Each structure stands twice: as C-alpha cells, then as structure tokens.
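Remarks on the structure that follows.
The values are calculated or read from the model by the stated rules, or taken from the named source; none is laboratory data. These numbers were taken from a predicted model, which means no experiment stands behind them. Virtual Cβ from ideal backbone geometry, glycine too; neighbours counted across all protein chains shown.
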Amino acid sequence: MTILKLNVLNLDKSEYKGGKSSLCPGCGHDQVSNVIIQAAWENGLPPEGIAKMSGIGCSSKTPAYFLGKSHGFNTVHGRMPSVTTGANMINKDLSFIAVSGDGDTASIGIGQFIHAIRRNIDMVYIIENNGVYGLTKGQYSATVEKGSKKKKGAINEQNPIDLCAMALNLGCSFVARSFSGSKKQLTALLRAAMSHKGMAIIDVISPCVTFANNDESYRSYNYVKENDEVLHLVDYISHFSPLEEIDIPEGQYREIELFDGSKIVLETIGSSHDTSNIVSALRAVHEAESQNKHVTGLLYYNGEMPTTTDALGLTGTPLSQLSEEEGRPTFESLNLINNRLRGL
Amino acid sequence: MKSEVNNFIINIATANGTGSQSSNLILLHSMFEMGIPVSGKNLFPSNISGLPTWFIIRASESGYQAPGDKTNIQILMNKDTWEKDIAKIEPGAIIIYNENVKLPVEREDCKIFSMPMTKMARGIAPKFAKLMANMYYVGGIAHILGIKSEDIEKSVSSQFKGKDRAIEMNMRAIREGISYAAEHWGNETTFSAERRDKDPDTYLIEGNEASALGSIYGGVNMLAWYPITPSSSVAEGIIKWLPELRTAKDGGTTCAVIQAEDELAAVGMVLGAGWAGGRGMTCTSGPGISLMSEFIGLSYFAEVPGVIWDVNRVGPSTGLPTRTQQGDLSMLYEASHGDTQHIVLIPGNVDECFEFGWRAFDYAERYQTMVFGFSDLDLGMNRWPTTGFVYPDSPMDRGKVIHTQKQLDAIENYGRYRDVDGDGIAYRTLPGSGIDPILYRGTGHDEDGIYSEEPDVYHKNMARLRKKIEGSRDVLPAPILREEEIKEVGIVFYGSMEYTITEIDDILEQSGLSVSTCRVRALPYHSDLEGFIDRHETNIVLEMNRDGQLYGILRRELPVKLLSKLHSLAYSDGMPPRARLYADKILQLLEGL
C-alpha cells in the first residue's frame, strides 16, 4: 500500500509535475522547476488556474517540465512580459508564473521587463540567472560580472546589469534573490511570491553546468555556496493551515502578511534588513556586490501597490468570460450615435 | 458670365499649428450641411507647429471626392510658402490673401482680393489674433461663394461645442470678413455655392473614428497601442467611446486599454489577449508592422487570434509620415519570416471601416490567426460622408473553442492542432479551463502541440495552415464589381482609391473606352476576381505604390491563363490620388500595349 501525501486541494504532487527535462544534467534550472512544482503544490494552487509563461532560452524551455495540467505559452525572445500583460487583462483570475533567463530579460527583453514592473502586472517573474547564453553555446549575458572569464574565450569587459537593483529602482512591489541550490529559501520565497498580488520578481542564481561552472565564475555552484550573503532565514505560513509547523529560531524575526492571508516569516541574521525600505534593499545589493558576494532573501515588499487591472477599473468578470451582450453594445446605442453625429 | 455652381476647388495655404484647422472644418461642414457635395483634404506636415499645411475643399455636382487637378480659389496665409503657392495658381483663379503678411501678390491673370485679416482679428481678440485671422478667410470665401453667415453658424457651434464665448467671437470674425469683402471686393460671381436637398441621414466622419467604433461593436476586450501617425486616432477614438458604450453593470469597463512601450509590446499584448480568450487589437502604421513582424509569425504558427489595424503612411523607413500610400499591402499579406499568409481586410470607405472593424474579430477567432485592417492616411484622417453605420448583422463568431470536457470528449481523436473537421481549423481550449492544457509555442509542434522537429510533422502542419487560410477566400468580403456590357478594360483596385475611381472612370470613358471596375476588399482574394479578369479583354491593377504590390500577389496566385490579361499601374508620390493623373497614366499604358 502506498500512502499519498495530498495538499489542501487533495491533490498529489504528481498532479503538478511536467514532462521530462531536456536540459543538461545538473542544470540549476531543473532545480528551480522542482521548486516551482513543490511551491505550487504546497500552496494548493489549482493547476488549471495557473498560466505558465516564458520567452526563449534554456530557462524558457522549462515550463514544459513543470505543471503539466496548466496552460502555458512559450512566446518569443524577451517579449514574455507583454504576452503576460495581455493575458492578464483578459483573465485577471489566472495565476501567472513566468520563467525567463538573464539573456531573455537583461538584454533583448530589458524594455518589456522594465515596463511590466512599472505596470505592476500581477505575476511571478522568475529569472534563472546564469550569466551566459546556453542554447547558442555560451556567450556572455548582460548580468555577468566584469572581468569574468569562461573556460574558453575572452574576458567580459562590460559592467553587469543587476536585475534586482533595477527592479528596486523601478519600484517593483516584490523583489527577492535566491540560489537554485538553496531549496528551502527558494521554496519559501516562491510560495510568498505566489501569494503576492502584483509583480513578484525572484532573481535566482542558477549555475550553467556546461558553460559557466568554472570556479572563477561568480555564478558557479562552488562560488555561490561560499559567497551567499543570506539576509535572513525565510519561512512561509499558508493562510489555510496557519498551524503548519515551522522552526522559529531564537532572535529577532519579522512577519509579513501577504495578499491571500498567508504570511512570510523572516528571521534576522546579522544586521537587520527592513524589507519595506527600498534604500536599505539597494544598499544590501550593492554592498554584497562590492564584496563580490550575492545577497539572497526578500529584498523588498510592498503589498499596497495597485496592479494594472485594478488601475484600469476592469469589470468584475474576467473579460474572457463576458457574454456577447456584455461585449457588444446594443442596436439602439448605434442609432443614438448615428443621430448624434447627424446633428439631430 | 454664368456662375459655376457647386463645382470648384478651394486651396487654403496656412502654417501648421495656427488654428486654421477649425476654420477649414467650419467651411467644409457648412457646405456639407447645405447639401453641397463636398469633400475636404488635409495635407499636413510632420511637425507640431510652423511647417506648411494645405487644406483642399472640393465641391463637385458629380460627387467627385478626390482633391481635383486645379485650384479655383486660393487662400494665401503662409508667408513661407507664399511665392511657391502663387506660382502654382492657374490663370483665371481667384486669390484671397491676408494683407498683413505684407508680401506682394503679382498675378495679373488672376482675380486678387485682400483683407487685413490679422489686424481685424486683433480688434476682436488681441491675444488670439493669429488664430482668429483664419476666420476672416472663412468670411471672404463665404462672400465669394454667396454663403450666408446663418449657413455657417451651426458648424461654428458644433466646432466650439459648449464654449459660448468662442462661438460668439468666431462668428463675429466671420461676419466682419463677409462685410469687409462685400464692401471692398465688389460682386464676384464666378463660383457660387447653392443649397441642395441634403439627405438628413448623412454626416461626415474620419475613417479612423469609424474603425474605432467598429472595433467597439466588435467587442474589443483589449486595446494595446503605441502612438504613431496616422493611426493614433483609431486608439483615441476607442478611448473616447468606451465609457459610453462599454461600461458594465458594475461600473467597470469591458475593454482594457494599455499604451504600450513600443509596437513589439503592443502586439505581444494582443497575442496574450487572444490566447487567453479575449478580443485584442492594436493599431499602427508601416514602421509598427515592421517591428511587430516576429509576433505576427507567432500568431500564424501557434494559431492565436488578434487584430491589427494598419493605417498606411508613406514608406520605406520613416518615409513621409503625414502622407498617404498603399505601400504596406504585400508586407501585411506575408509578414514575418518563413512561409506565412495573413488575412487582410481592405475597407474602401468609412462604412467599411466600421464594418470591417467588427468583422475583423470574427475572422480572427474563426481562423485563429492575425487579421489586418488595411486603411491609409487619406481614408483614416480625412472626413468622408456616410448615411450612418449599420449594426452587425450576425452574432459574434467566437470560432472553435472548447469550453467543457464533455465537448472535448465528443471530438474523436482530438488534438490542439489536428484537423478533425477537414477545414484546416483545429479546436482550441483556453487557459483557466483546465481542458487539454498545452504549452503554446512558436517552435515546431505536432498535432497535439508537443515539440517536434519531425520532417513529416512540420510539412503536414504547414500544409494545414495553408489550407486553413485558403478556406477564408470566399468567406471574406467579396470584391465590388461594376461591370459594363462591353468588357473592354477592367480596372482592379482597392482601398481609399474608391473615392477617386468614379472620376477616373468618367475621364477614361470620355475617351471612348468601356471601363469596368473591381474593388478588391480582402486578401486572400475572392474567386469572383478571377471571373472579372477573365471576362475583360485587358485588366489594369491600379494602386498607390511604386512596385504594384497587389499586382505581384495576383501574378503569383492567379491561374496562369489569366496573367497575359493583367497589367500594373502603380504610382505613388505621397499625395491622395488625383483622377486626371491616374487616368492619363492608364491611357498611356493602354496605348503602349
């Protein structure tokens, strides 16, 4: 007899799985996919209510490998945010989980990334950040550190783009950084992101085992493990089972209530970080950077920002479910308009 | 000498941003309300203020709507184009000029009248003298044509709706202009405007506003747009009419509007909307279509519905942004890399801008693909008459969408991209439904939507896509045929050339030819076109571009036996078509055959 572990919807975790991955064995992205499966299952999201979105690249292929019972759209390079925006306008009840890479987001898609943040689109935006273009065989991306040297080829001479710093400057309502190898932290952050209403960005350092896992690379497993500047320990308490057992260690901790009533608990280690303060979030990012480290944890959170669907004042029913009568004005209304334009 | 009644062309030369547009529209609407067959054309620069603008008003008892070949009454207001404007005037014309510009008008072969327009305007509104000066030429023209100030009042009121003081001041300026002209210019009777019975149903409206209203009646759920001349007024029209027409019972709107960061994002949002089961659209012009091309290919290949209105301006590149052309047609038909083919609806008048505005969504959802509305600056940004828009005659066609598991189970051997009905159109399910959840993709996919690079799978899928769009030919709007009994010359044309074709036809028939016309209203073209070409001895494809874009499409798709009957007349200089110019070129072409 097998005992199944079921979530709040009485679903087994297998209901959240996807197809077999075709990425390189050991790829950080596959670990992220597993965390997505875990987080969606633990949060009890109905699979049919999720929409998986992606652009083009290794990371953007992954929606085929998780949440097989959810619709998805593997769009074009760098333009996933706009497709998500359009879909969000038409069905605001969908939970959008988007996966992108550093090439997809920081180079070709930087404009759409910026404007999706400005609109506070209600979505989880995961960047699987490895500093290289994998599918085209290892060119540098715009997030790679200056002076980086791959196994083969020239040294990168350009300054990197820090996507978290950028998101913070743009006023993104949820900004976090994590590491594909930190399963516990990433799961808690992702669960919190799923409970957030608005744009939740998680920049996940996800090593490329084929092209950038040499020890000198700041995004190799070994380097990140040793240079992970953990802001706080993160725990997630879901709204439907507030008695879920978690470890609350001694010391200071902060509790944040999310849109759906769930909570995230941040236990401070070292200097205390205020997640409601953009300046201290930026300081944490830049200080870590200056020491060639990666700061991880929840950098910033603001649950008060209106989303685009709120700001536009859309009707309550998702637009995809409107009847013909609600979508097409009446015969009489056109008569009225014709007569008004006639000057009658 | 007998006066020429309701047959004249007025050319008003002003500078952009000086407020002349109000005066010009007041003149146009006043004559229109008097029942005079009249058309107006705004030739404006790509500039906010200062560069030259011309407004052409043509009255024609024959109902001709093109700008005409020569000017009968020239208004001179712009010092920058003063000499050039004077040089272009043909002998015998009437010249009215603002004497405060302080430039000479030396044309002994014309009738010249002047008025101190700016000085007189200063008497009414010192601060706005430059704007108000334009109302004095309205008065001058009214005097020359015998239009009474009462005939102008209604148009002034509607132009300055609700602003009583503006109405009063502008009417005063017009009256002063009329009195001044009567006193100083004497009795000029060469041209006159005479009241006719106006069809009370007719009104003037811009093509872009008609497309906007049509889209709203088509149930648009999301408009994503990026500003670009000459299409912005489609979006602005939708934004203007939405609150009145599309507010739900709970007070919320049933159409989201997003001003995107660029055209790539705008069309991406359209795909997102279509994928999620809504009616999304954008509007743009040629440069925008160039940018959107990648997504247009995704729409074709992943089979996601969407609507794009292209209001054509002159290309290539930035081109002449405020001039008109039919230069985007072949691009629309085949936009994006690889083999593609898109449905293009081509309205020829404002009524069709409205009609194709709502029909576009039905075709997009029926064929699960991108559908273009193809208008141009001339049609989109000028005011044209209509007798009133006609309410959609059929319910919305939402296409083959499966909403329940039961519906899905009833289909034998279902697959997202499997042609179970034999028409090339597969069934789709929507995100949120939980039914047949697949990952839409722009990569190769098999009939179930699973990634595939198999040669046969790719080839079969592409063949089905062709079959699907081919199936739309005789469903899309059929061409409008106007055939003579003697099938000598057939002219195949499209779009806004509709407003000039009657005059071209008349000029050609005056030279003894028997001329039939066929207005193509959609691509892929309807089979009726083949019959038309077959019945006529010689066929000319008439279009406003350099390369003969429709001609090129027809050469590739028509049966070979018809090709020897087909000739191209393509000409574009940025200006709206002038009948004489195109007619002469057709005659030349025929002579050379």
(request) Can you confirm whether segment B:452-465 contains a residue that is outside any loop (DSSP other than H, G, I, E, B), modelled with pLDDT of 95 or more, of a type in the set (A, V, I, L, M) and surrounded by fewer than 16 Cβ atoms within 10 Å (Cβ to Cβ)? (result) yes
(request) For segment B:424-451, enumerate the residues that are without any contact (Cβ under 8 Å) to a residue 12 or more places away in the chain and either away from chain A (no Cβ under 14 Å) or surrounded by 20 or more Cβ atoms within 10 Å (Cβ to Cβ) (or both). (result) B:P437, B:L439
(message) Can you list residue pairs whose Cβ atoms sit under 9 Å apart, with the first residue in segment A:313-331 being over 11 Å from B:Y217 (Cβ atoms) and more than 7 Å from chain B (Cβ to nearest Cβ) and the second being outside any helix (DSSP H, G or I) and among the basic types (K, R)? Count only pairs 6 or more apart in sequence or on different chains.
(response) A:P318/A:K92
(message) Going through A:A98, A:A51, A:A39 one at a time, which residue ends up being within 7 Å of chain B (Cβ to nearest Cβ), among the aliphatic types (A, V, I, L, M) and under 25 Å from B:G434 (Cβ atoms)?
(response) A:A51
(message) Give me the residue from segment B:401-414 that is within 26 Å of A:P318 (Cα to Cα) and either within 14 Å of chain A (Cβ to nearest Cβ) or crowded, with 17+ Cβ neighbours inside 10 Å (or both) and, out of that set, nearest to the chain's Cα centre (by Cα).
(response) B:V401
(message) Among the residues in segment B:191-198, are any within 7 Å of another protein chain (Cβ to nearest Cβ), among the hydrophobic types (A, V, I, L, M, F, W, C) and in contact (Cβ under 8 Å) with a residue 24 or more places away in the chain?
(response) no
(message) For segment B:527-546: of the residues being part of a loop (DSSP other than H, G, I, E, B) and in contact (Cβ under 8 Å) with a residue 60 or more places away in the chain, which is nearest to B:E485 (Cα to Cα)?
(response) B:M544
(request) Assess whether A:K5 counts as being in contact with a helix residue (DSSP H, G or I) (Cβ under 8 Å, 6 or more places away or on another chain) and without any contact (Cβ under 8 Å) to a residue 40 or more places away in the chain. (result) yes
(message) For segment B:83-109, give me the residue count where each residue is under 30 Å from B:Y499 (Cα atoms), surrounded by fewer than 21 Cβ atoms within 10 Å (Cβ to Cβ) and not small (G, A, S).
(response) 6
(request) Output the residues belonging to segment B:482-498 that are within 22 Å of B:L589 (Cα to Cα) and either modelled with pLDDT under 95 or not in a helix (DSSP H, G or I) (or both). (result) B:R482, B:E483, B:E484, B:I486, B:K487, B:E488, B:V489, B:G490, B:I491, B:V492, B:F493, B:Y494
(request) Sort through B:S215, B:S233 and tell me the only one that's crowded, with 19+ Cβ neighbours inside 10 Å, within 21 Å of the chain's Cα centre (by Cα) and within 19 Å of A:L319 (Cα to Cα). (result) B:S215
(message) So, in segment B:404-423, exactly how many residues are assigned to a loop (DSSP other than H, G, I, E, B) and in contact (Cβ under 8 Å) with a residue 24 or more places away in the chain?
(response) 7
(request) Could you check how many residues of segment B:208-245 are within 19 Å of A:S333 (Cα to Cα), at the interface with chain A (Cβ under 7 Å from one of its Cβ atoms) and in contact with a strand residue (DSSP E or B) (Cβ under 8 Å, 6 or more places away or on another chain)? (result) 1
(message) So, in segment B:238-262, how many residues would count as being in a helix (DSSP H, G or I) and surrounded by fewer than 24 Cβ atoms within 10 Å (Cβ to Cβ)?
(response) 7
(request) Kindly check whether there is at least one residue in segment A:290-300 that is of a type in the set (A, V, I, L, M, F, W, C), under 21 Å from the mean Cα position of the chain (by Cα), part of a loop (DSSP other than H, G, I, E, B) and more than 8 Å from chain B (Cβ to nearest Cβ). (result) no
(request) For segment B:1-46, name all the residues that are touching an Asp or Glu at 6+ places or on another chain (Cβ under 8 Å) and either part of a helix (DSSP H, G or I) or among the charged types (D, E, K, R) (or both). (result) B:S30, B:E33, B:K41
